[in-house]
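Written below as structure tokens is the structure these notes are about.
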Amino acid sequence: MTKLLKRAFNIQQEELLVFSVFFFFYFLIGVQFSIGLTVSEALFLSEVGPGFLPYMYIFNALMIIFISTFYSSLTEKLSIPAMFKTVLVFFIVLIFGIKLLIFADFRAYAMPIAFPLLHTLFVMFTNMLPNNFRALYGQYLDVLQSKRLVPIILTGGRYGGILGGLAIPLLIPILGSVSNLLYVWIGAIVVSVGVVQYAEWRLKDHMIDDAGPKKRKTTKAASKGGNLALMKTNRYVCAFALFSFIVVILRSFQDFQYSLVFREVFPDRAQLASFLGYFTAIGSAFSLLVQTFITPRIIKRLGLGTANLLYPLTTIIGLAGMAISPGFYSAVFLRFNNKNLQESIRNAINALLYNAVSPSIRARVGAFVAGQVVAVASIVSGVALLIIKPTGLALFPLSPGQLALISLFIAFAYLATGFFVRREYGAALRRMLEERNLGLFRYAKEGFGPVDDESMEILRKNIREGDDDLCVFTAQMMAESGRSETYQIILEEIPRRKGEAAAELLKILARVPGAEEGEKMRPLLEEYLTCGEPVLQCAAMDAAETIGLTEETAELVHENLESGSPEVRARAVELLVRSDDLFWLANGLQTLHRMLNEEDAAARVCALRCMGELQNPRFIKRLIPYLHQNEEKVREAALEAIEVLAMNQGVDEENMEEVIRMTTSDESAAIRRRGVRQLGNNGSRENFERALTALADVDFLVRREVVESLKNMKRKGTLSLEGSGMLSFLAPLLFRSAKNGSREMSAQEIVDALSGFAVEHLKEVYDVIKHLHVIECRENASAFTMLKKALEDVVEERKLVLLELLGVIGDEKTVDTVSESLARGGSSSRAIAIETLSNFSSTGNTRLLILALEPLLLGRSTADKVSEGRKLWEMPEQSIDEVLTTYMNSGNAWLQAIAVDAAGKHLQSEAEGAAAEWRAQFKARAAEGDAYLREAAVAALKIIGKDEEDVEAFLRTMENDESQQVRLQVRREFLRYEGSGENLSRQEKIMLSTIEKALFLKGVGMFEAMSADQLKILSNISREIQIEEGKVLFEQGDPCDYLYVIVDGEIEIILDQENGEAKTLASLGPPTSFGEIALFGDEGRSAGARASKDTSLLGIEKEPLLELIYEHPTISIAIIGQLAGIIRSQNE
């Protein structure tokens, strides 16, 4: 049964109990609705008549206002289940009272008052129960669960309606009268009370994280100003209230029109009750189909805001039919729309629209809408019908057709309000998401006030007595103060400082007012221009340029052209080429030319940066050849200079195309990142194709930069970010032709092309997920641990890129907000984020992209994701061998190496025939260029038997490999085939390959959150250390130079005590790490470490690790978590 429900309705195992309880509960509500509707409507129309309906609308409204006042006070005092049970008991009492009035035949002015009261009671019942039901299931289902399960739960009401409707004609003869059906209604309510009690007891562990405390207390701030103030401050509440107001009026007009027709057709009470019973059953059955198979798909395909427009459209159709041909069949459709479609479509959507209301005010808004808004709308509709009703007394009686036309006008207003609600729904979800998850912080930069004499003395003391950093900071403060004595104080302090501090003070002094007129400044500049210290020489030239003394110091600057420092020569060139003197200009350019052709890469880097400062875009052509040079820092400097020059007018497009072509294919990820950044400056088709190609780059930061470039392309393509039909029509007229003959793409073309590309890319992601599922189903899953980790990283990274692409295609602000929220985690926050994403308007491939992304963002099992993928694409089954072959042939060398390693471990247990099929592949990989791949291929060759004739020859060819790791792996395998590993040293026997290191580090708590690529980098900076039993690894107080991970053996942590004895604090075994805290300070080791057994360690040096943490912040998060655990354990 569970599997059937899961397959048919997408219900998860953990959701089954909650679903069952609420499905049965709404089934009981459906039975009550069908009985209450039939009894109240039949008795009222037959005994009172439809002409009295407008008075009932007004009376019902007044009663609702009175009851809702009491109801609102209870919502602030009782828990949601207690509130629901109180409401149900309240209706039991009222129904018993009305039954007594019917039995007593109590009348007023010859009219039985029980029937109007019963009509009012049913109206209150239909308004109060859905509101309580929404609040109740909201404690157990988050936004996305509600969106998926609530439409199915509400079908329980349809089943109850069918059962109740069919039972009415059968029960009337048995019970003797229509009014006796009230006992059945009471019995169903009693059972409902029991279900609420069961849910409160049994579903306690299923409450969602942010359901809040059971008692709901409204703060003074929340209630201040009342509901009208809430509508003014919350646009969504205002839109929702207006939408509900109009629909109540519209439903009253519909109810009045078809009631007139039914009263004429069925004058007998029993006939009318039987007809209404059958109508309810048949309508509920049809509504069941709509609610089960149509409504969820409409919501999913169109989004909640757009799906909300469907009921207004069906209402317009029904009223148009009534206006054209008022009669029985038009009345039947109108009642079907007003009752059944309203329940199956509008109510399901209406329940979900409450998700955009903050949980803190959701109950308050529900009570406001169900009470005051509905009541006022009922009064308005009642008064209006009293004025224009076709029967009885009326000021301006209209014909049924004219009444239908007025109703049709209201329906169009209802539709227009639906568009307003759709817009505000998405905005409200986004605001709610930001308030709950993003934790917006405001940083205020406070300036310094006026510096008085006392403060100036303190600053003077700090600048003289403080260290270099405090001195520079204080000098900056003094310079900003504008005090006249600042110049002299800093001038006197400069000779007392050395190096960087003196250079910074000199630059600050040049910016102090009056520096250009100070006679003492020139001797200081002359001294530093010839001091021979590069940092001071550059600072002196900066200061000379700032105060306008370039011409006066040109001769000394010219002497610096012969400096041994390329930085000094380049800075001198920058000053001289700006001189009006042709001699200085010529010498500067000659030096620049000479530096550009020097063998020293540092000189070329400085010269290239200098060219960027000359601000002549014609130099770009001169810089392009340097993008071919071998040194990465030279290529990066050339690109940096080109970026600066490209900001000027008159840039040659062909030159920039050449720059983009070269940099986007550079082997350096840093250069590729800067190269793809240029793609967004020109929206040509060639650049767009390059951007799509770069989206498959192995470097994640490159892919992120591509997304930003695509956003820039889109912004430049048109003023409209969303695009429109008119823009699509005008797009051919808006293209601009480039010199190369290619036209630029409009924003709409970019959106169309990207959405198609993103869907294809998403299909590839689902293929990777399918491969993960194949791996998870293997019995020897441990052989694929590293491959599984690498593929999970691929899915996660591509998912983030696709989400950002969606921001290019659609609403950038919404997607950015969703991305930040997803990064912060939390099931309820993630649910709201995904609902926000799925709500904004989209069609075609964009809609498909959103629908296919949702299962990935939800964090479901791999099997569930594969199942969702197969609903969208053909995804044939694959064997583990096919999966391994796929990644052995991938373009990512590290992923290839991991796949080869996994294949080798997998095939250790396979038959010889199966292993033989892989030999050629492993040998081919062992001869390829990447060291990681060669190392993994050699290790995987262990599946080759000893009797293979070519084994020794093959291994001999690998003995002199350029990689030390590969040579060691070859030696281990070669000696193993020769007869044993006895010839291997102890270190060689336990030596780990790069992948084995990465796999081992993954098992360490500090590094388990790292990606496969990060583990590779960490493996590269770690070295293996062997320490014999009894040897000391480090003493207490030693420098903190390494973090250690135990691979094998045992380490004791020793603390030297004041009495001279050593105390063992802990004994650590694999895979424990230690020495983490000491990495982040210079105080030395707080304790010593000694091997109690022969031990193998991985040592990770401090400086490379800190650099790695700086480049990859996610590593620091994992380390901080580990450090927090250590501190907690020490406190305990």
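Each value in this text was obtained by applying a stated rule to the coordinates, not by laboratory testing. All figures in this text were calculated on a predicted structure; none of them were measured in a lab. So basically every Cβ, Gly included, is an ideal-geometry build from the backbone, and we count neighbours across all protein chains shown.
Things worth noting here:
- More than 21 Å apart - percent of Cα-Cα pairs taken over segment 453-668: 60
- At R0 = 51 Å, FRET efficiency that the Cβ-Cβ distance of Gln1036 and Glu797 yields, to 0.05: 0.75
- Inter-label distance for Lys871 and Glu658, nm, one decimal - labels placed 7 Å from Cα along Cα-to-Cβ: 5.4
- Multiplying the residue separation of Leu405 and Tyr278 by 0.36 nm and removing their Cα-Cα distance gives an extension gain of 42.8 nm.
- With a threshold of 18 Å on the Cα-Cα distance, the over-threshold entries among Lys788/Lys865; Lys498/Lys633; Lys461/Lys520; Lys789/Lys905; Lys770/Lys871; Lys789/Lys1016 are Lys498/Lys633; Lys461/Lys520.
- Peptides 274-280, 252-258, 405-411 ordered by average Cβ neighbours within 10 Å, highest first: 252-258, 274-280, 405-411
- Estimated from the Cβ-Cβ distance and a Förster radius of 60 angstrom, the FRET efficiency linking Thr530 and Thr233 is about 0.30.
- Extension gain for Asn960-Leu101 works out to 298.7 nm (0.36 nm per residue, less the C-alpha to C-alpha distance).
- With the highest mean first, a sort of the peptides 494-504, 25-35, 375-385 on other beta-carbon atoms found within 10 angstrom per residue produces 25-35, 375-385, 494-504.
- Computed FRET value (nearest 0.05) for Met477 with Arg578, which takes r as the C-beta separation and R₀ as 35 Å: 0.65
- Between the alpha-carbon centres of segment 518-595 and segment 237-312 there is a gap of 85 Å.
- Chain lengthening between Leu17 and Tyr109 when straightened (0.36 nm per residue, less Cα-Cα): 27.8 nm
- In nm, spacing of pseudo-spin labels at Ala285 and Lys498 (7 Å Cα→C-beta vector): 9.9
- For peptides 591-597, 281-287, sequence by mean Cβ density within 10 Å, most packed first: 281-287, 591-597
- If you take all other residues with their beta carbon under 10 Å from the beta carbon of Glu643, and give Lys and Arg +1 and Asp and Glu -1, the sum is +1.
- Separation in nanometres of the label points that stand 7 Å from Cα toward Cβ, at Glu264 and Ala927: 9.5
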